Amino acid sequence: MKVLVAAVSALYGASQVSAFAPTRSVVRSQQSVVGVPTSALSMADDDKVFDQEAFIAESKEMRLKYLEDQAMFALKIACENYGNAVFPNAMIAGDVVITHLLHRMGYLKDGKAKVMVVDTFHLFPETMEFLREIEEYYDFKAEVFCADGIEVGDKAGFDKKYGENLWKEDIEQYDKVCKVEPFQRGLKTCGTDCMINGRTRWQGFERAWIDQFENAPIGGGLAKCNPIAYWTLEDTFDYIAKYEVPHHPLHAKGYPSIGDAKDTIPIPEDGSTRFVDFKFEGDKTPWLDYASERKGRFVGLENKDGSTKTECGIHVAGAEQTFDRDLWEEGAVKSVDSTDAASEIIKSGEEAIIAVYAPWCQFCQGMEEEFAKYAESAGVPVYKFRGDEEREFVQEFLNTESFPTVNFIKSDGSVVKYDSEARSADDFSNFEKSFEKSTA
C-alpha cells in the first residue's frame, strides 16, 4: 500500500494525494456495523484517515485535467494541422467549454479557429444576446448564417419567403431551410477543412460511438473534430464551474440544453433543476443521467416515419445535400420570373400548366425528373414559378398552400389545382387530358 501511495505521489505530486485507501480488514470492520458512515476510515498501520469525499474530489480533478489535456490536444491538431478550422457554435454547455478552450489556446485571437453561428429565427431571444456577450468577453466575431436569401435578423423576411409556420407544415423542410442549408453554406463560405463541434458519447445512442476525429458526410470527407467526445455532461459543468466559464443564461432557468424556443423545455419541466452561480440547485440527476442532456429538445416533434425526432439533420448522413441550384434549369419547363408574368399567363386565354415550387422542398426535388419528362411531350406550355418568394400571390391566385402545387390554367382564366400526390409523367399527362374531355 505504501509503495502504491509513493508511486501515485511521485506521479501527481505529493500535495495532490491526501486520501488513502484503507486495508481490507478496516473496510470489513466498518461494513459490519450497520448505519456507521464510511466517509472517513482509519488506516491499519497509522493514524491517517481515508476521506472518501476528498478522494472523490481529487479523482474528479484528475479526470478533468486529463480530459482538458486530451481536448486541447485534439484542438491543436484541428487548428494547427488544417488550414481552416471552423467551430459552429450553438452556445450549449459543451460549446461554451470548447469556446473557452479555444480562447485559452489563443486560436480565437490568431484566427486559426473561426466561429460560425446558425440563426434559425426560432431561437430563444437570450441565445443571440448571449452570443454578443461572449464575443465581447473573448474578443472574437462570429459569422452568422440564416435561411437562404434572408438578411441576418430579418424574421419578417423569413416569414414572407418561407412561411411563419414552416416548421408545423413540414419539419424536415424546416430543418433543411433553417439549419442544414445555412450550416453547409457557412462551412463553405468559411472555407472549412476541419469542423469542430461539441458532440459527446454521453448524449445518447445516436452518438455513443463517436471518436475525437471523424470524416463528416460533407463534400466527400470533411474532417470533423469532436474534442469533448469522451466527456460526460457532469464533466462539462465541472469545467464550467472550475474556470467560471460564461454559459447560457437559460441553464439558470432549468434548461440543460438549448435549441429552438418552439420545441425546447426545462428538465424537469417545473424547472427545479438549475445551474446557478456555477453550481447546481435541486436534483442534478435529471440533467446528468446518460442521454438526458437533450431530453428537453425537439419536444413534440416527429420524423416523417412517425419516429421521435432526436436530430436536426446537421450531423446525419445526407446532410451534404444542399440547395445551391434551381430546379428544371434545362429542358422544356419554362421559367416564370415575376408575378406580372404569371398573371399574363392566367389572363392570356391559352391553356397551360404551372408548377408552383420551392427548390429546397424535397417533394419538388422528388418530382423534378418526372415533371421534366412530362413537359417534353405535353400538349400545352409547361411553366415553373418559384412560390416561396411570392407566398401571398401564389396563395391568392395559384391555389398554393404547400409545395409543389401543379395547376392547369384554362382558357377562361380559371385555375384548377392538381389534387393528388401521384407525380409521375403519366399522372401529369392524364391531368392535362382530363380537361380535353371536359371541353369536348
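The values are calculated or read from the model by the stated rules, or taken from the named source; none is laboratory data. All values derive from a computational prediction rather than experimental measurement. Heads up, the Cβs are rebuilt from the backbone with ideal geometry, glycines too, and the neighbour counts pull from every protein chain shown. Ligands, DNA and RNA are stripped out before the accessible areas are found, and what is left, the full protein with its side chains, is counted by its heavy atoms. Shrake-Rupley method; radii C 1.70, N 1.55, O 1.52, S 1.80 Å.
Which of the residues belonging to the range 71-99 are within 24 Å of ARG297 (Cα to Cα) and either outside any strand (DSSP E or B) or out of contact with any strand residue (DSSP E or B) (no Cβ under 7 Å at 6 or more places or on another chain) (or both)? Of everything in the range 71-99, those that are within 24 Å of ARG297 (Cα to Cα) and either outside any strand (DSSP E or B) or out of contact with any strand residue (DSSP E or B) (no Cβ under 7 Å at 6 or more places or on another chain) (or both) turn out to be ASN89, ALA90, MET91, ILE92, ALA93, GLY94, ASP95, VAL96, VAL97, ILE98, THR99.
Of ASP270, ASP235, ASP283, ASP211, all but one fail to be of a type in the set (Asp, Glu), assigned to a loop (DSSP other than H, G, I, E, B) and within 22 Å of the chain's Cα centre (by Cα); the exception is ASP211. Pairs are defined by a Cβ separation below 8 Å, a sequence spacing of at least 6 or placement on different chains, a first member in the range 387-401 that is more than 13 Å from ALA342 (Cα to Cα), and a second member that is of a type in the set (A, V, I, L, M) and assigned to a loop (DSSP other than H, G, I, E, B); the pairs so defined are ASP388/ALA358. Anything in the range 137-160 that is touching a Lys or Arg at 6+ places or on another chain (Cβ under 7 Å) and of a type in the set (Lys, Arg)? List them, or say none. Residue satisfying the conditions is LYS160 alone.
Residues are listed down the side, and each one gets a yes or a no for (1) in contact (Cβ under 8 Å) with a residue 24 or more places away in the chain; (2) part of a loop (DSSP other than H, G, I, E, B); (3) not hydrophobic (A, V, I, L, M, F, W, C):
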{"residue": "LYS109", "(1), (2), (3)": "yes, yes, yes"}
{"residue": "VAL115", "(1), (2), (3)": "yes, no, no"}
{"residue": "THR120", "(1), (2), (3)": "yes, yes, yes"}
{"residue": "ILE134", "(1), (2), (3)": "yes, no, no"}
{"residue": "TYR137", "(1), (2), (3)": "yes, no, yes"}
{"residue": "VAL152", "(1), (2), (3)": "yes, yes, no"}
{"residue": "PHE158", "(1), (2), (3)": "yes, no, no"}
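A residue that is out of contact with any helix residue (DSSP H, G or I) (no Cβ under 7 Å at 6 or more places or on another chain), farther than 14 Å from TYR418 by Cβ, among the acidic types (Asp, Glu) and at pLDDT below 95 occurs nowhere in the range 370-383. The set of residues in the range 141-162 that are open to solvent by 10 Å² or more (accessible area, probe 1.4 Å), at pLDDT below 90 and not basic (Lys, Arg) comprises ASP148, GLY149. Of the listed requirements (1) closer than 25 Å to PHE121 by Cα; (2) open to solvent by less than 50 Å² (accessible area, probe 1.4 Å); (3) at pLDDT 70 or above, LYS309 misses just one: (3).
Within 26 Å of PRO182 (Cβ to Cβ) and not in a strand (DSSP E or B): is that true of PHE431 in this structure? Criteria not met by PHE431. In summary, GLU80 fulfils each of the numbered conditions (1) among the acidic types (Asp, Glu); (2) over 17 Å from the mean Cα position of the chain (by Cα); (3) open to solvent by less than 50 Å² (accessible area, probe 1.4 Å) with the single exception of condition (3). If you check ASP277, ASP270, ASP263 for being modelled with pLDDT of 90 or more, open to solvent by less than 40 Å² (accessible area, probe 1.4 Å) and of a type outside the set (Val, Ile, Thr), only one passes: ASP263. In this entry, ILE210 passes the filter for residues that are buried (at least 17 other Cβ atoms within 10 Å of the Cβ), closer than 21 Å to VAL86 by Cβ and not basic (Lys, Arg).
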